[in-house]
Amino acid sequence: MSAEPRINDRIRVPEVRLVGPSGEQVGIVPLAKALELAQEYDLDLVEVAANARPPVCKLMDYGKFKYESAMKAREARKNQAHTVIKEMKLRPKIDPHDYETKKGHVERFLKQGDKVKITIMFRGREQSRPELGFRLLKRLSEDVQELGFVESSPKQDGRNMIMVLGPHKKKTEAMAEAREAAAARKEARRGEGEAPEAAEAPEAAEAAAAPAEEPVAAPAAADES
């Protein structure tokens, strides 16, 4: 079935509850009268509530209505933020340098408004020491607590231990901040590009104001006679 509403001659009911072009309630009128008013106003008769008894119809410019609806839907999709879950894997006995690197990645993901799934991978005898993974996850959550919070507490999942961190900032806020930062960097680069030209201007003005040096006449050649 089509999702499009019935309009004008496609409406097949004896009478309708009519709404005027400005939203005013006209009342229940015969369909023929409603179509006559639509022609008079140079508008369309659009069925907006087909299941009502009688159906509710409105006088409107249907082409303009469809265009505006499409633009609103497009803008909504543009601003819609999709929640993304990133994943970071660590070992229970991770090297300090590797830990700092992975922590940096987690911080970047949280700043972007994304959730982060932290997975501790146990191997061999490490599986008998789950407290190592728990302590590492606790340490990481404390290190990034300014950017995120523990959304899902650490839990054992086979050979792995998993924790999910959620960002304090919403995805839409992070996207807006990223756009503002990019615009600021672009403006700063533009300003740096204009600075040398501005510095050259006084020097050019000074050179133009300086009096021109008079040419020195060349000495006359001596007679060889």
Complete set of residues in the stretch 9-22 that are open to solvent by 40 Å² or more (accessible area, probe 1.4 Å) and under 19 Å from GLY63 (Cα atoms): ASP9, ARG10, PRO21, SER22
Odd one out for HIS97 among (1) within 30 Å of ILE162 (Cα to Cα); (2) without any contact (Cβ under 8 Å) to a residue 12 or more places away in the chain; (3) within 28 Å of the chain's Cα centre (by Cα): (3)
Unmet criterion (only one of (1) of a type outside the set (A, V, I, L, M, F, W, C); (2) touching a helix residue (DSSP H, G or I) at 6+ places or on another chain (Cβ under 9 Å); (3) surrounded by 13 or more Cβ atoms within 10 Å (Cβ to Cβ)) for LYS117: (2)
Scan the stretch 41-57 and tell me whether some residue there is over 18 Å from ARG6 (Cβ atoms), surrounded by fewer than 17 Cβ atoms within 10 Å (Cβ to Cβ) and over 37 Å from the mean Cα position of the chain (by Cα). yes
When every residue in the stretch 174-186 that is among the aliphatic types (A, V, I, L, M) and surrounded by 14 or more Cβ atoms within 10 Å (Cβ to Cβ) is compared, the one farthest from LYS115 (Cα to Cα) is ALA176
Subset of the stretch 159-173 [open to solvent by less than 60 Å² (accessible area, probe 1.4 Å) and out of contact with any strand residue (DSSP E or B) (no Cβ under 7 Å at 6 or more places or on another chain)]: LYS171
Quick check: is even one residue across the stretch 122-139 open to solvent by less than 30 Å² (accessible area, probe 1.4 Å) and touching a Lys or Arg at 6+ places or on another chain (Cβ under 6 Å)? yes
When the residues of the stretch 140-152 are narrowed to those that are free of Cβ contacts under 8 Å to residues at least 24 places away in the same chain and under 16 Å from ILE85 (Cβ atoms), which ends up least open to solvent (accessible area, probe 1.4 Å)? SER152
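The values are calculated or read from the model by the stated rules, or taken from the named source; none is laboratory data. Not measured: the values here are computed from a predicted model. Ideal geometry is used to build each Cβ from the backbone, glycine not excepted, and the neighbour counts take in all protein chains shown. To get the accessible areas, we keep the full protein, side chains included, count just its heavy atoms, and leave off ligands, DNA and RNA. Shrake-Rupley method; radii C 1.70, N 1.55, O 1.52, S 1.80 Å.
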